[in-house]
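What follows is a single structure, written as structure tokens, with notes after it.
A short reminder: the numbers here are calculations on the coordinates, not readings from a lab. Note that the structure is a prediction, hence the values are computed from the model and not measured. Because the Cβ atoms are built from the backbone with ideal geometry, glycine has one as well, and the counts that use them run over all protein chains shown.
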Amino acid sequence: MSHGRVGSLHTFGSFKMKPRRDIVSLSEIPNVGPATIRYLNLVGINTPFELIGQDPISLYTELCSVTDKQFDPCLADVFISAVKFMEGEPARDWWYYTELRKKILQKPVEPEH
């Protein structure tokens, strides 16, 4: 997939993006569609800038908890891609983050003291 810049618009494949600071809707974030927007809304994320500073794995586990469902872990990859994008990283396909998610989920949980 080709990523580049055309004038003031960035491209992500054939998807043209506004500069990050001008994004006002979750649907303007690469990899985020209607289902992902509904899932983000369920965990309290309603605007793109609310993603900044969020832990995408925590968002995923909270979603599984509040819905009492186990979602495909690839949804965590989508959450990672959205958070990273809003924090300033380049737009990347969601599967770019699969290995990162697998590494994060393999870490043992530290017991609380």
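Details
- Candidates Y39, Y60 - the one that is crowded, with 19+ Cβ neighbours inside 10 Å and out of contact with any Lys or Arg (no Cβ under 9 Å at 6 or more places or on another chain): Y39
- Where a residue in the stretch 52-64 is without any contact (Cβ under 8 Å) to a residue 60 or more places away in the chain and closer than 10 Å to E87 by Cβ and its partner, wherever it lies, is part of a helix (DSSP H, G or I) and among the aliphatic types (A, V, I, L, M), with Cβ under 7 Å and at least six apart: I52/M86; Q54/V83
- Only a single criterion out of (1) exposed (fewer than 12 other Cβ atoms within 10 Å of the Cβ); (2) in a helix (DSSP H, G or I) is not satisfied by D77, namely (1).
- Filter pass, A82 being surrounded by 20 or more Cβ atoms within 10 Å (Cβ to Cβ) and outside any helix (DSSP H, G or I): no
- Options T36, T47; residue that is free of Cβ contacts under 8 Å to residues at least 24 places away in the same chain and β-branched (V, I, T): T47
- Residue list for the stretch 40-97, filter: of a type in the set (D, E) and under 11 Å from the mean Cα position of the chain (by Cα): D55, D77, E87, D93
- Count of residues meeting criterion [among the hydroxyl-bearing types (S, T, Y) and assigned to a loop (DSSP other than H, G, I, E, B)] in the stretch 23-59: 2
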